[in-house]
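All remarks here apply to the structure that follows.
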Amino acid sequence: MSDRIVAAEVLLTSPGRNYVTLKLTTADGVVGWGDATLNGRELAVAAYLREHLCPQLVGRDPGRIEDTWQYLYRGAYWRRGPVTMTAIGAVDLALWDILGKTAGLPVYRLLGGAVRDRVRAYTHATGWETAQLCDAVDAAVERGFTAVRVQTGVPGLDTVYGVGRGPGYEPAGRGTVPAEETWDTAAYLRHAPAALAEVRAHTGPELALLHDAHHRLTPIEAARLGRALEPVDLYWLEDVTPCENQEVLRRVRAHTTTPLAIGEVFSTIWEFQQLITEQLIDHARAAVTHAGGISSLRRLAALADPWQVRISPHGPSDVSPVAMAAALHVALATPNHGIQEYMGHPGPAHEVFRHAWSCVDGHLHPGDAPGLGVDVDEALAARFPYEPALLPVARRRDGSMTDW
Ligand code: CS2
Ligand code: MG
């Protein structure tokens, strides 16, 4: 007789930052883990899982991964959206973990096996001044990275999202009300191309440089930035415009050959459809959890492949070590994978989530442990209770809200 899920539980922990983790246990005693972290909206996903999905999972056959995905997605009248899709993603990851552990195989072997030896990663370098930024890039190169995301401060602004005043940064700030930042697109556009050109002059031509515009530009501003950055030879320019209107990318694309990456805030394959089939992007950035798990990331890769679009999943500190593992199993087994973001995690997170995946010389590997290869130390997790934390919001100089 096939196995059954007998328990579905949600764990909240904050080993340096908040993580939500789904634990599924089968009658045979196999445990599967899924990441359900949605930065700043952790409790919404925890409640969606606890109140709605967990009761539906108990009694189901854990081996019916695709049917469970279809049941939770197609079966729901109110569907899509980051909260729903992160919850479904967590279930999907936990089920693949169970399948791998039951088979005694790492998940990437179940996905068809490795198509590459290791997964190229990029990490973050930030600096308020360009000299600091160049130092941060050098430090990343010394760690072995062949690709680095570069974010710069902007003269005249006190804060810029994603740029620490010191080394490193954490996107979410503690508290129940978000910090407010001031944003000035004109100042950014005056400064960023020259700063990035200085970084390129500093590094020489070989290092892959990436830059994230965090959804803040209009189409024509984005086109102008892409064109201005062409001499910098970026690996990609990310999230140039707000996420809702994909049509506007046509205008950006018409003006620049700077490669574009989009999609860390997308939840479903349908949000990518036009961007892929019109070849408006080069990299689809869906996070393995936020867009519905391994099952849907594989579908996205299959849709993208004939259009020569690559999947290059989101991987900041708020994608937990469990989701990082899942992303790496997909990456190792997916021909049209581009690059994996690897911002790193706070130190204690590596203790709570003991993982088989590794980062060596700027490349990641999921390891060969059965399943996803992550064990959660629940006793240690309990010593880091959840604390409310939120991403900041931003206003223009006149006080009006501006886009993410
Ligand atoms: C960023 C993230 O990693 C990225 O590309 O855009 O810092 C993102 O803003 C955070 O993960 C939001 O939770
Ligand atoms: Mg981003």
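Points 7 angstrom from Cα along the Cβ direction at Q56 and A201: gap in nanometres?
Distance between the two pseudo-spin positions: 5.8 nm.
Running a GNM on the chain with Cα contacts under 10 Å, which residue among A302, A36, A286 ends up with the highest mean-square fluctuation?
A302
At 1.4 Å probe size, with every protein chain present, just tell me what the per residue accessible area of segment 110-369 comes to in Å².
37 Å²
Please give me, ordered by residue number, the trypsin sites (Lys or Arg not before Pro) of segment 44-107 that lie in loop per DSSP and have at most 10 other Cβ atoms within 10 Å. Don't skip to the end; give the middle numbers.
Working: sites: R50, R60, R64, R74, R79, R80, K101; in loops: R60, R64, R74, R79, R80.
Those satisfying the criteria are R74.
With a 1.4 Å probe and all protein chains left in place, how much accessible area per residue does segment 5-105 have, in Å²?
Dividing the accessible area of segment 5-105 by its residue count gives 38 Å².
Under the definition of Cα pairs under 8 Å and six or more residues apart, what whole-number percent is the relative contact order of the chain?
Relative contact order comes out at 23 percent.
Show me the ranking of peptides 311-324, 205-218 by mean Cβ neighbours inside 10 Å, starting with the highest.
Packing proxy ranking, top to bottom: 311-324, 205-218.
Write down the percent of antiparallel bridges among all DSSP beta bridges whose residues are both part of the chain, to the nearest 5.
In the chain, approximately 50 percent of DSSP beta bridges are antiparallel ones.
Work out how much length R396 to D117 would gain on full extension: take 0.36 nm times their residue separation and subtract the Cα-Cα distance, in nm to one decimal. Don't skip to the end; give the middle numbers.
Values: separation 279, 0.36 × 279 = 100.44 nm, distance 4.61 nm.
Here the segment from R396 to D117 would lengthen by 95.8 nm.
Quick one: which residues, 5 or more positions from V115 or on another chain, have an amide H under 5 Å from its amide H? H modelled 1.01 Å from N in the peptide plane, none for Pro or chain starts.
Excluding prolines and chain starts, which carry no amide H, the hits are A333, T334.
Distance between the C-alpha centers of segment 173-197 and segment 215-252? Whole Å please.
A separation of 16 Å, based on Cα centres.
In terms of modelled amide H atoms, which long-range or inter-chain residues lie less than 5 Å from the amide H of A389?
Placed amide hydrogens put G175 under 5 Å from A389.
Specify the inter-centroid distance of segment 375-404 and segment 1-56, based on alpha-carbon positions, in whole Å.
If you average the Cα positions of each part, the centres end up 20 Å apart.
In the chain, carbon and sulfur make up what percent of the accessible area (probe 1.4 Å)?
Of the solvent-accessible surface of the chain, carbon and sulfur hold 52 percent.
The values are calculated or read from the model by the stated rules, or taken from the named source; none is laboratory data. These figures come from a predicted structure and were not determined experimentally. Don't worry about glycine lacking a Cβ; one is built from the backbone with ideal geometry, like all the others, and counts go over all protein chains shown. Surface areas here come from the heavy atoms of the whole protein model, side chains and all, with no ligands, DNA or RNA. Shrake-Rupley method; radii C 1.70, N 1.55, O 1.52, S 1.80 Å.
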